[in-house]
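This report refers to the structure that appears directly beneath it.
Please treat every number below as a calculation from the coordinates, not as lab data. Just so it is clear, the model here is predicted, and its values are computed rather than measured. Backbone-built Cβ (ideal geometry, glycine too); neighbour counts: all protein chains shown.
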Amino acid sequence: MFNTFINIENSKRIVFLRVLEAIGKGNINATMQVGGELSHTTITQVFHVPKLKNGFISVSVFFEGFKVEFDKDGCKDNDARGVVVVKAQRDNNLYLLNVNVRKETAHIANFLEEGAMLWHERFGHLNMASFKELDAMVDGMNLKEVPLHHICEGCVKGKHQKTSFPKDGVIRASQLLEIIHIKACGPMKTTLHGGARYFLTFIDNFSRKTHVYFLKAKGQAFEKFK
């Protein structure tokens, strides 16, 4: 919004009998419509007051060096050549300007000195030995030093291995139907086309053969068990 801006401290402004704080000031590029044509201008000494919802322009400051004429319908501002550069319509005791602030931006590539750990994370936790080779092949990484030995918390957690389940104390069946695992689950949020919201599983411990039954109610489980 501002093309130039400086921070200011302890600056109080009185707006409609209210004391508000300005945190900075600068210049803005504005576009106004005058007589069906667009007029471009730069408004200087604009204060940034966060608590102020609308923008207000001081006539004595903004139109310094110009000729300002007021009438019952509004006001107009003429430059030294007599050309109208600004028109405002009157609304009660205020004069409204149709102003659009031009947002001019520039895309700037900033080459900052960034640590090896940041690039390590950007490349999906690539190992540092490969980074040392990559830094010599490309421009813009700006790595002053690539440590071959580093500690990355994400890498450490990602390479952890789970301890296997203990085999001691596990009971295994030696023949069919010696041990049957039964599990009932439900109710499910989505009902099947047949109206079932539960399912019941029978798993043989020896052969791992599985039977699945769909139930409309949990009370039907005993019938499947028989």
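The protection proxy used here, the mean number of other Cβ atoms lying within 10 Å of each residue, ranks peptides 197-204, 172-179 as follows, highest first: 197-204, 172-179.
A simple spin-label model places pseudo-atoms 7 Å from Cα toward Cβ; at A221 and A173 they are separated by 1.8 nm.
Report the net charge of residues surrounding F222, where surrounding means a beta-carbon distance below 15 angstrom and charges are Lys +1, Arg +1, Asp -1, Glu -1. Around F222, the charge tally is +4.
Sorted fewest first by neighbouring Cβ atoms within 10 angstrom, H120, H160, H211 come out as H160, H211, H120. In this simple spin-label model, placing a label point 7 Å from the Cα along the Cα-to-Cβ direction at both H40 and T201 gives a separation of 7.0 nm.
Each residue, A129 and V84, gets one label point 7 Å from its Cα in the Cβ direction; the gap between the two is 7.8 nm. Summing charges over neighbours of I203, with a neighbour being any other residue whose Cβ is under 11 Å away from its Cβ, gives +2 when K and R count +1 and D and E count -1.
For the pairs K183/K226; K132/K162; K132/K159; K162/K189; K159/K189, note any where the Cα-Cα span goes beyond 26 Å. Result: K132/K162; K162/K189; K159/K189 exceed 26 Å. Were the residues from L192 through D73 laid out at 0.36 nm apart, the gain over their Cα-Cα distance would be 35.7 nm. As a rough footprinting exposure proxy, the listed residues F222, F47, F165, F5 were ranked by other beta carbons within 10 Å of their own, and the order from fewest upward is F165, F222, F5, F47.
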